[in-house]
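S.K.: Could you have a look at this structure, given as structure tokens, before my questions?
The values are calculated or read from the model by the stated rules, or taken from the named source; none is laboratory data. These figures come from a predicted structure and were not determined experimentally. Positions of Cβ are backbone-derived with ideal geometry, glycine not excepted, and every protein chain shown enters the neighbour counts. Ligands, DNA and RNA are stripped out before the accessible areas are found, and what is left, the full protein with its side chains, is counted by its heavy atoms. Shrake-Rupley method; radii C 1.70, N 1.55, O 1.52, S 1.80 Å.
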Amino acid sequence: MESTLLSISNWLITSAFFILLVALVPLSMSIRNEKKKFENTAIIMTVIAFVMQLGYFILRWIATGHAPVSNMYEFIATFSIMIILGYLITYHYYKTKVLGLFAIPVSLLLIAYGSLFSTDVNPLIPSLQSNWLAIHVITVSISYGILSMSAVAGLIYLLKAIPENEKSWRARLLEMIMAGLVIVLVYIGTTLVMKGAVGYSDEFMYTDQRGETMVADYHLPSLVNYNDAIPVEHVGDNQYEQVEHFHSGINLPPVINSQSLNTVLWSIILGLIVYGILRLILRKRLTALVKPLANKADLNLMDEIGYRSVIIGFPLFALGGIFFAAIWAQIAWSRFWGWDPKETWAFITFMFYTIFLHLRLNRGYEGEKSAWLAVIGFILILFNLIAINLIVAGLHSYA
């Protein structure tokens with residue numbers, strides 16, 4: 001029964017992915033065509049995909065016996081679902097279709113990123129065996145989904161407000177964001193190709209920060225590795241023998257997840273190469289490609305959506321990411337706060353949005369300034385999701 005429910009739930013979220021992908025076609029056509037049929041078709045498809053995503057979430061919860069937010073795959077999937085929820089809520093109130101052209105691709109990228117991690121169901125470690133798992137993580141996921149709408153509205157604002165050929169710091173920063181998106185795409189593509197299609201695998205035996213012997217499986221040549229890591233090959237029955245693998249010679253302490261950092265470094269290198277090739281082929285900035293999608297956006301409306309998203313999302317994040325997290329930390333680890341890497345970054349994110357609202361309400365940071373802050377806030381969220389979760393070892397490393 002459990003395996004059947006898991007199979008159905010996996011089918012639902014996969015089908016929802018392709019429905020959302022196809023929904024971008026009529027949504028794009030609705031930008032150039034004033035007829036409502038394209039827009040209505042896209043929204044109906046998005047709603048159907050969201051219902052299927054909810055089906056995935058509920059069925060996986062029933063199958064596993066706990067909220068499906070206990071590992072990277074489940075959390076990223078939930079985050080992507082909440083982005084679609086945030087978009088549908090925003091569309092209900094503002095009827096702005098252009099937001100979907102940016103929100104849906106972000107959700108699709110997250111689902112693709114989540115597919116890099118194992119979808120297997122494993123028993124919960126003791127610290128996760130609590131009702132606070134659902135309360136804390138789901139609240140944070142909802143807040144992320146709403147705050148993402150602020151960033152999407154901010155990006156649309158910047159794309160329309162900043163001339164594509166302008167030689168200024170703001171135009172260069174916007175182009176850097178486009179380069180970052182290319183790097184993310186290359187990161188996902190490289191990992192899928194090298195791990196799945198090519199099957200590249202170099203194993204290294206090392207000692208982690210708890211003194212336990214572990215084996216790291218590298219799917220890209222080792223640019224960075226753990227201190228005193230030994231290249232090995234699995235010979236069966238949990239036995240390994242020493243062999244020769246490529247290694248640049250750069251070693252890091254086990255507090256850094258060198259395996260994940262290695263993938264990130266390769267992605268940055270290859271992503272910048274791909275970005276450079278695209279610039280040579282197109283002979284213009286990448287912002288010029290996506291700018292037409294934002295040209296019909298109402299700047300005042302984007303500014304309002306960005307602000308209101310923070311007004312709603314920030315208190316939810318404070319509640320789930322700080323208050324609920326502290327309660328759960330006291331139950332699990334007998335202390336409310338310990339400056340674990342994840343906790344520290346949650347505090348940094350909390351303070352950033354506090355400053356955001358202060359500048360907005362008291363210093364007149366509206367329009368373009370507010371848009372930049374919204375985009376930076378989303379970058380902080382993504383940094384927490386990718387770098388803090390995967391690269392820095394801590395009590396939250398399992399997440």
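S.K.: Just the residues that are at pLDDT below 90, under 13 Å from the mean Cα position of the chain (by Cα) and over 26 Å from P292 (Cα atoms), please, taken from the range 102-156.
M.R.: Across the range 102-156, the qualifying residues are Y113, G114, S115, L116, F117.
S.K.: Looking at this structure, is Y87 buried (at least 20 other Cβ atoms within 10 Å of the Cβ), over 17 Å from T14 (Cα atoms), out of contact with any His (no Cβ under 7 Å at 6 or more places or on another chain) and in contact (Cβ under 8 Å) with a residue 40 or more places away in the chain?
M.R.: Yes: the conditions hold for Y87.
S.K.: I'm trying to understand the selection: among the residues of the range 114-132, which are in contact with a Phe, Trp or Tyr (Cβ under 8 Å, 6 or more places away or on another chain) and either without any contact (Cβ under 8 Å) to a residue 24 or more places away in the chain or part of a helix (DSSP H, G or I) (or both)?
M.R.: Across the range 114-132, the qualifying residues are G114, S127, L128, W132.
S.K.: In this structure, is H92 open to solvent by 10 Å² or more (accessible area, probe 1.4 Å) and either in a helix (DSSP H, G or I) or closer than 20 Å to A294 by Cα (or both)?
M.R.: Yes: the conditions hold for H92.
S.K.: Is it true that some residue in the range 326-335 is touching a Leu at 6+ places or on another chain (Cβ under 7 Å) and either open to solvent by less than 50 Å² (accessible area, probe 1.4 Å) or closer than 30 Å to G364 by Cα (or both)?
M.R.: Checked the range 326-335: no residue is touching a Leu at 6+ places or on another chain (Cβ under 7 Å) and either open to solvent by less than 50 Å² (accessible area, probe 1.4 Å) or closer than 30 Å to G364 by Cα (or both).
S.K.: Can you find, within the range 1-29, the residue that is surrounded by the fewest Cβ atoms within 10 Å (Cβ to Cβ) among those that are within 16 Å of Y73 (Cα to Cα) and of a type in the set (V, I, T)?
M.R.: T14
S.K.: Another question, if that's okay. Find the residue count for the range 250-274, including only residues that are assigned to a helix (DSSP H, G or I) and within 25 Å of N389 (Cβ to Cβ).
M.R.: The qualifying residues number 16.
S.K.: May I ask you to say which residue of I311, I305 is over 30 Å from N131 (Cα atoms) and not small (G, A, S)?
M.R.: From the options I311, I305, the qualifying one is I305.
S.K.: Residues of the range 250-309 being more than 20 Å from V184 (Cβ to Cβ), among the charged types (D, E, K, R) and open to solvent by less than 40 Å² (accessible area, probe 1.4 Å), which ones?
M.R.: Within the range 250-309, D303 is the sole residue that qualifies.
S.K.: Would you check if there is a residue in the range 192-215 being aromatic (F, W, Y), buried (at least 17 other Cβ atoms within 10 Å of the Cβ) and within 27 Å of the chain's Cα centre (by Cα)?
M.R.: No: the range 192-215 contains no residue that is aromatic (F, W, Y), buried (at least 17 other Cβ atoms within 10 Å of the Cβ) and within 27 Å of the chain's Cα centre (by Cα).
S.K.: Which one of V184, V152 is open to solvent by 20 Å² or more (accessible area, probe 1.4 Å), among the β-branched types (V, I, T) and within 24 Å of V274 (Cβ to Cβ)?
M.R.: V184
S.K.: Between residues in the range 30-55 that are within 16 Å of I8 (Cα to Cα) and residues that are modelled with pLDDT of 95 or more and open to solvent by 60 Å² or more (accessible area, probe 1.4 Å), which pairs lie under 6 Å by C-beta distance while being six or more apart or on different chains?
M.R.: none
S.K.: Right, something else. How many of the residues making up the range 55-84 are in contact with a helix residue (DSSP H, G or I) (Cβ under 7 Å, 6 or more places away or on another chain) and either part of a helix (DSSP H, G or I) or open to solvent by 20 Å² or more (accessible area, probe 1.4 Å) (or both)?
M.R.: Residues meeting the conditions: 20.
Every residue, every condition in (1) touching a helix residue (DSSP H, G or I) at 6+ places or on another chain (Cβ under 7 Å); (2) open to solvent by less than 30 Å² (accessible area, probe 1.4 Å), yes or no:
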residue	(1), (2)
A318	yes, yes
G321	yes, yes
W337	yes, no
T354	no, no
R360	yes, yes
R363	no, no
G377	yes, yes
L382	no, no
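S.K.: Failed condition for I142, given (1) surrounded by 24 or more Cβ atoms within 10 Å (Cβ to Cβ); (2) not in a loop (DSSP other than H, G, I, E, B), with all others met?
M.R.: The failed condition is (1).
S.K.: Which residues, taken from the range 228-249, are open to solvent by less than 70 Å² (accessible area, probe 1.4 Å) and outside any strand (DSSP E or B)?
M.R.: A229, V243, H245
S.K.: Of the conditions (1) over 30 Å from E368 (Cβ atoms); (2) in a loop (DSSP other than H, G, I, E, B), I135 fails just one. Which one is it?
M.R.: That leaves (2) as the condition not met.
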